[in-house]
1. Being open to solvent by 50 Å² or more (accessible area, probe 1.4 Å), out of contact with any Cys (no Cβ under 8 Å at 6 or more places or on another chain) and at pLDDT 80 or above is true for just one of A:Glu242, A:Glu255. Which residue is that?
2. Which is more than 20 Å from B:Leu7 (Cα to Cα) and among the hydroxyl-bearing types (Ser, Thr, Tyr), of B:Ser137, B:Ser74, B:Ser90?
3. Out of contact with any Pro (no Cβ under 9 Å at 6 or more places or on another chain) and more than 30 Å from D:Arg28 (Cβ to Cβ): does that describe D:Ala144?
4. Could you say which residue among D:Ser12, D:Ser6 is over 26 Å from D:Val176 (Cβ atoms), more than 8 Å from every other protein chain (Cβ to nearest Cβ), touching a Leu at 6+ places or on another chain (Cβ under 9 Å) and not in a helix (DSSP H, G or I)?
5. Based on what the data block shows, is B:Val26 in contact (Cβ under 8 Å) with a residue 60 or more places away in the chain and in a helix (DSSP H, G or I)?
6. On the basis of being assigned to a loop (DSSP other than H, G, I, E, B), in contact (Cβ under 8 Å) with a residue 40 or more places away in the chain and over 13 Å from the mean Cα position of the chain (by Cα), does D:Val102 make the cut?
7. Quick one: is A:Tyr170 of a type outside the set (Asp, Glu), in contact with a helix residue (DSSP H, G or I) (Cβ under 6 Å, 6 or more places away or on another chain) and open to solvent by less than 10 Å² (accessible area, probe 1.4 Å)?
8. Residues to consider are A:Arg81, A:Arg112; find the one that is more than 29 Å from A:Met199 (Cβ to Cβ), open to solvent by 10 Å² or more (accessible area, probe 1.4 Å) and facing chain C (nearest Cβ under 10 Å).
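The values are calculated or read from the model by the stated rules, or taken from the named source; none is laboratory data. Note that the coordinates shown come from a computational prediction; the quantities given were computed from them, not determined experimentally. Glycine also receives a Cβ, built like all others from the backbone with ideal geometry; neighbour counts cover every protein chain displayed. Heads up: the accessible areas ignore ligands, DNA and RNA and are worked out on the full protein's heavy atoms, side chains in. Shrake-Rupley method; radii C 1.70, N 1.55, O 1.52, S 1.80 Å.
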Amino acid sequence: MSPGAGPGGGRGTAVLRVLGLLGLVGVVATVWLGLWVTPPDRFMGNLVRLLYLHPAIAWVMYIAYGIAFLSSLLYLWPRTRALAWDRLAGASSEVGVVFTGLTLVTGSIWGRPTWGVWWTWDPLLTTTALLFVLYLGYLAVRQIPGEREARARRSAIAALVAFVDVPIVYFSVLWWRSLHQPPTVDDPVTGKTYVHGSMAWTLLLSFVALTLVYAWLLAHRYRLAALADLEEGEGLELAIAERRAEAGGVPARGEEPAGADLVGAAAGVPDPGARGPGAGR
Amino acid sequence: MLRDAWLVAGKDLRIEVRSKVALGQVAPFAFVVVLLFGLALGPAVGRGSVLSAAAPGLFWVAVLLATVLAVQRSFAVEAADGAADGLRLSGLDPAGVFLGKAAAVAGQLLVLELFLAAAVSLVYDRHLSALVVLAASCVTATIGLVAAGVLYGVVSMGARQRETLLPLLFFPLVAPILLGATKLWGEALAGAPGRGSGWLELLGAFAVAYCAIGVVAFGPLLEEA
Amino acid sequence: MNGYVEAGYIVGLGTLGIYAVSLLARERAARRRLGLSPVPSSRARPDHAGARRPRRGVELRERAAGETVGGRPEADGPQEQA
Amino acid sequence: MGAAISLRECVSLSGRFPLLAGLSLEVREGEVVHLRGPNGAGKSSLLRLCAGLVPVVSGSAVVLGHDLRTDRHSVRREVGLLGHSGFLYDDLSVERNVRFAVRAARADPGQVEGALRRLGLDGRLRHVPVARLSAGQRRRVSLAVLVARRPRLWLLDEPHAGLDQDGRAELDQLVVEARAAGSTVVLASHELERASAVSDRVVGLAGGRVVAASLCEGRVAGEVGSDVA
């Protein structure tokens, strides 16, 4: 995703449409293959079909946060500083939060029949839950009002702070778990399931399809952010004109050069030798 | 930087001495929390009771809640009378402001923890042992908590909904501290300190990481608040 | 199959669908507020959008939006793409 | 003499609202300028901009040699802003407030005593928490900080507000002394006669711009621009 992809159409829109179409086709194909074509697993039975959904969603979550982190870094780096990176970080985080929520929900739905519980304090699960809240907080930080660039910098720092926390959370939960009680469940993916044949292809397809969906969502969310920025700037020159018009009889509109209004004002000054603020240049 | 930190910490502590908000409100609040846990988790006391077993965790949850209040107070002082602009105009080094504010809050919290630990020990009937480990975990955990808290305190200072935003940002961030400090306390109180020696390092790493981020990032964040 | 699988697919893909639709709707609403054509397209080009803004305003707006001078790729809508 | 403040076509925003809408102003070093204009004309915004608190969106702004478009921080230690709020800590005593502000700005703490005496704060009031003071007394504390700090550029926003007659006379005297000491002073005030009496120049603002400017001949207000109140 290039951050240069604008809010406007042109070739970008055509590419985006193709991307969306591919993603949609990919998802439909995944559903068809996953629910009807692939065989049930020897151990997990039909439950294995969630394998074509949950891991791909989790994978997108990682990509989304990775991109959000990278673009936040690129925003903070003075040489690459551009609001486009901030928009990209915000867009990717929001999509990431959606996917994190889905990771938790689909994982829970999978966990209930597999492990017998909706939730377990597994390191990965716990970290993911905290990740969800952390990035909700990040999105809340993005909403704090302020000057546009100030908001961008603040958000980028918040993203960095959150990202630094993720590995610490993961390791601490890992230790906490391992010292607490031995894991009572086996990992359903690596532990029991042997992925092969049509299942492998479907799994691969699900990753590709959801990544395409992510790219499409990201692009649209980015466009929305760019439109919001445009909207923020929109009407500014009108607002400035209105602001100037508050002065009353002084001409407020027009393209007079800098200081012309001062010259005009100085014309009304009784003392022709008055030093206007613009004088002496 | 250190000179400014000293100046700010002195100022904040003097304000506390004069206003007694931490003493009169934050500390009582923490004790209320401790009592509420007691009411929620049953009257049974003695070894093996829920309260006694959960004492380390409950202690640290109370500390976390108190930290949020202390940090909020620390920035309410600055925001009153438009003094947030005052902080920006003061000419103080932002890193110094960060360290000073963090030091002042940490000092207050450490004193609070001392009394809170005594209260937990009495009310939940849990004998405190391995005091060195307890103290060490308190100090490192508090530094990390306060660094993260002051960092997000200045972020949320600019928000209109700062009272609700700060806890949302703060609690997930410091989850590792809660885990680590609780673990350390649990082991220490169970008479087996040192088994989880990794935890103190984790707390230390957290404290160092967020102090470093704070020193670097506080300036830009203060600017936007 | 067994309810869980269906529930997982419906919740997962359904949420994504709702999110996608909401993004499109928000984009459309934002475009309408800005006076751009509701659907960006490579062919249709709203002339009025480009015409009603003087250059200076555009420059100012970009600077207000914090774009670095010289690198102003996206601040202008489709009207620039003629 | 160089320019203490040099603004050209400055635009600054609060959200989407333009505080300053293309304001140009030149203030020479050692000059005393009186800003006037109706409420919301942009006087406070202009002062805050000069103090490095408000970002400049377009145009150029140089204050005391610092380009505010690239660096809004360095200027802060050299200006003294007396804002609507006094930047004081309610729970600290008068003396503590002044001492903290002076030390934070790396000014000479030896000046604190004189400043307190100058503003009549050296007596009973010295140890009173600022929270207990009246508005006028708080203003005196803020002024004491400026007196002790001796900034190169004084930015006074409605300094007369809340002060009693003695206080106003005292303030005028402070401005005259600051000018004599080579400092530049920009003050926004609705006390037209009083402020103009100590000023070299009157600048009228309206709609976030300068709409009128005139010399104060022999320290007498030269009124310009009938729409400027």
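1. Details: A:Glu255 fails: at pLDDT 80 or above.
Selected residue: A:Glu242, the only one of A:Glu242, A:Glu255 that is open to solvent by 50 Å² or more (accessible area, probe 1.4 Å), out of contact with any Cys (no Cβ under 8 Å at 6 or more places or on another chain) and at pLDDT 80 or above.
2. Details: B:Ser74 fails: more than 20 Å from B:Leu7 (Cα to Cα); B:Ser90 fails: more than 20 Å from B:Leu7 (Cα to Cα).
That would be B:Ser137, the only listed residue that is more than 20 Å from B:Leu7 (Cα to Cα) and among the hydroxyl-bearing types (Ser, Thr, Tyr).
3. On the way: out of contact with any Pro (no Cβ under 9 Å at 6 or more places or on another chain): yes; more than 30 Å from D:Arg28 (Cβ to Cβ): no.
Spelling it out, it is not the case that D:Ala144 is out of contact with any Pro (no Cβ under 9 Å at 6 or more places or on another chain) and more than 30 Å from D:Arg28 (Cβ to Cβ).
4. Just a single option satisfies the conditions, and that option is D:Ser12.
5. Working: in contact (Cβ under 8 Å) with a residue 60 or more places away in the chain: yes; in a helix (DSSP H, G or I): yes.
Criteria met by B:Val26.
6. Details: assigned to a loop (DSSP other than H, G, I, E, B): no; in contact (Cβ under 8 Å) with a residue 40 or more places away in the chain: yes; over 13 Å from the mean Cα position of the chain (by Cα): yes.
No, not satisfied.
7. Values: of a type outside the set (Asp, Glu): yes; in contact with a helix residue (DSSP H, G or I) (Cβ under 6 Å, 6 or more places away or on another chain): yes; open to solvent by less than 10 Å² (accessible area, probe 1.4 Å): no.
The answer is no for A:Tyr170.
8. Details: A:Arg112 fails: more than 29 Å from A:Met199 (Cβ to Cβ).
Answer to the selection: A:Arg81.
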